[in-house]
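Scroll down for the structure; my scribbles are underneath it.
The values are calculated or read from the model by the stated rules, or taken from the named source; none is laboratory data. These figures come from a predicted structure and were not determined experimentally. Cβ: placed from backbone, ideal geometry, glycine included. Neighbour counts: every protein chain shown.
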Amino acid sequence: MAQRLPREIDGDEARAHSRVDTAGHQNVQRVEGRALHRIVVVGGGAAGLELVTRLGDRLGRRSRASITLIECARTHLWKPLLHEVAAGSIDPGDYEVSYLAQAYWHDFRYCVGEMVGLDRTAREVRLGATCDDQGREVTPLRSVSYDTLVIAIGSRTNNFGIPGVAEHAVPLETPAQAEAFNRRVFNACLRAQTQKGPIRSGQLTIVIVGAGATGTELAAELHHAIREVVGFGFDRIDPARDIRIILIEAAERVLPGLPERISDATEHVLNRIGIDVLTGTRVTEVTAEGLHLADGTFIPSGLVVWAAGVKAPEVLKHLDGLEVNHINQLVVASTLQTTRDPDIFAIGDCAACPRPGLSTPVPPRAQAAHQQATHMVSQIARRFRGGPLESYTYRDFGSLVSLGKWTTVGNLMGLSGRNIFIEGMFAGLMYRLLRLMHEHALGGTRRAVLHLVARALARRAGPQVKLH
């Protein structure tokens, strides 16, 4: 039987105190002497931010619960845009959402910090101290109390223990990493333009390891963007001779997790635009000069991007006995509750959620995170009413892969039970619609449309790629 939570406080009762808490102080909120139920969400990715936004609108605004988001970053960027940031095709500032502003507008608390531990007996999330670029402490070690905890801290790149990956390859997990990679690409072009000697073999070779959606989209986007950069006065660089992009995949085809028809169409486009695709190829070591392959081949490269697989963050293995799987995901029941604590839920990439009749859990995809965030809103409403929780069922609506200016390919599912292959302009519009749907979930129709128009006007006034 579900636990009965404190009664909901009517909206016309006295309001609670400030909802925005950047320092992370978690005093118990009270309305007319009654303690509010404390809902804490750890992780401000797509799932976590959509969840706290909706909970803030429904419960926080009417002082029915205390909603807190714990996140160490200051801004949110929709993760499927990272490959465009890395290529320099977009300015992340045009797409980022300020957590502080979002908390103010949608009546939840924003607590700056990173989860480093958990005390399930005391019902406290342990946060590490944060420091600025000079090493000065910004926020101290502290704890945040909860009654209901939702963990949504996403995933990290899995280097599979391959030597040299951590030291010499660039992951694309955060906007900061994507921007750092973009600067390295620009600096590589600048170095080749200004150096005294000739451009060396491999100097402007970019190797992307992992031909999933991120790696494949990055390869196509980079092919166009780097040529745009070279066109702004880098006359010593011959794109056809000096620039090479290599996409490596250990499986036998690109996009191994998607239908074969999408893989075939994608590989055809990549080959047509001159990207070298190596499938069935395993990397054994990454060095400062390039990569060693299992067949003994060495590929000289100035830049290596690692996009080969994901795992959940290491901290999940040490959360006071919560069950995890072999890639650190929290094991949850169909209700999204962790197996060892019914007051703790997990959603998004960090959750191993079962699928009836299948041995593999729900895949770590953006649509799954969005569905689970929506499901959690109704789950929390049921907990408030004291009713039973419902199982989450994953619905696969298809997949879309953007290949930059060249095309978009994908499939749509759920239309009369059919799996429909799409490509070209219609697929591109559907891909952009997904981003608009996320922006709508965070800020409503008006704000999403205003941002769309503002970005369109800005792109007409300047270069199409980032040049610094």
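Annotations
- Single unsatisfied condition, Ser378 versus (1) more than 28 Å from Ala211 (Cα to Cα); (2) free of Cβ contacts under 8 Å to residues at least 40 places away in the same chain; (3) under 20 Å from the mean Cα position of the chain (by Cα): (3)
- Cβ pairs under 6 Å, 6+ apart, first in segment 212-226 and in contact (Cβ under 8 Å) with a residue 12 or more places away in the chain, second surrounded by fewer than 23 Cβ atoms within 10 Å (Cβ to Cβ) and of a type in the set (Lys, Arg): His224/Lys405
- Residues of segment 172-188 include at least one that is hydroxyl-bearing (Ser, Thr, Tyr), closer than 15 Å to Glu71 by Cα, out of contact with any strand residue (DSSP E or B) (no Cβ under 8 Å at 6 or more places or on another chain) and outside the structural domain of Ala65 (by TED's automatic domain parsing).
- Verdict on Thr393 being of a type in the set (Val, Ile, Thr), assigned by TED's automatic domain parsing to the domain that holds Asp320 and more than 29 Å from Glu84 (Cβ to Cβ): no
- Of all the criteria given as (1) in contact (Cβ under 8 Å) with a residue 60 or more places away in the chain; (2) assigned to a helix (DSSP H, G or I); (3) touching a Pro at 6+ places or on another chain (Cβ under 9 Å); (4) not β-branched (Val, Ile, Thr), the one not satisfied by Gln203 is (2).
- Under the condition of being touching a residue at least 60 places away in the same chain (Cβ under 8 Å), under 14 Å from Ala220 (Cβ atoms) and part of a loop (DSSP other than H, G, I, E, B), the residues counted in segment 239-281 number 2.
- Of the residues Leu69, Leu100, the single one that is closer than 26 Å to Leu55 by Cβ, out of contact with any Pro (no Cβ under 8 Å at 6 or more places or on another chain) and not in a helix (DSSP H, G or I) is Leu69.
- Here Arg126 clears all of (1) surrounded by 15 or more Cβ atoms within 10 Å (Cβ to Cβ); (2) touching a helix residue (DSSP H, G or I) at 6+ places or on another chain (Cβ under 8 Å) except the condition numbered (2).
- Residue match in segment 339-355 (condition: among the polar types (S, T, N, Q) and within 23 Å of Leu218 (Cβ to Cβ)): no
- In segment 78-91, the residues that are touching a Ser or Thr at 6+ places or on another chain (Cβ under 8 Å) and of a type outside the set (A, V, I, L, M): His83
- Number of the condition not met by Ile299 [criteria: (1) surrounded by 15 or more Cβ atoms within 10 Å (Cβ to Cβ); (2) in a loop (DSSP other than H, G, I, E, B)]: (2)
- Lone unmet requirement of (1) over 23 Å from the mean Cα position of the chain (by Cα); (2) surrounded by fewer than 20 Cβ atoms within 10 Å (Cβ to Cβ) for Ile226: (2)
- Condition check for Thr284: touching a Leu at 6+ places or on another chain (Cβ under 9 Å), hydroxyl-bearing (Ser, Thr, Tyr), surrounded by 13 or more Cβ atoms within 10 Å (Cβ to Cβ) and part of a strand (DSSP E or B): yes
- Screening segment 264-281 for residues that are of a type in the set (Gly, Ala, Ser) and at pLDDT below 95 and picking the one that is surrounded by the most Cβ atoms within 10 Å (Cβ to Cβ) gives Ala265.
- Test: residue in segment 51-63 that is at pLDDT 95 or above, part of a loop (DSSP other than H, G, I, E, B) and not basic (Lys, Arg): no
- Segment 91-111, subset surrounded by fewer than 22 Cβ atoms within 10 Å (Cβ to Cβ), of a type outside the set (S, T, N, Q) and within 18 Å of the chain's Cα centre (by Cα), residue farthest from Ala46 (Cα to Cα): Asp91
Residues are listed down the side, and each one gets a yes or a no for (1) under 24 Å from Thr297 (Cβ atoms); (2) of a type in the set (Val, Ile, Thr):
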| residue | (1), (2) |
| --- | --- |
| Ala169 | yes, no |
| Lys196 | no, no |
| Gln203 | yes, no |
| Val229 | no, yes |
| Phe234 | no, no |
| Arg244 | yes, no |
| Val254 | yes, yes |
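- Among residues of segment 124-161, those that are assigned to a strand (DSSP E or B), among the aliphatic types (A, V, I, L, M) and more than 17 Å from Arg74 (Cα to Cα), counted: 5
- Among the residues listed as Arg355, Arg446, the single one being free of Cβ contacts under 8 Å to residues at least 40 places away in the same chain, more than 30 Å from Ile327 (Cα to Cα) and surrounded by fewer than 16 Cβ atoms within 10 Å (Cβ to Cβ): Arg446
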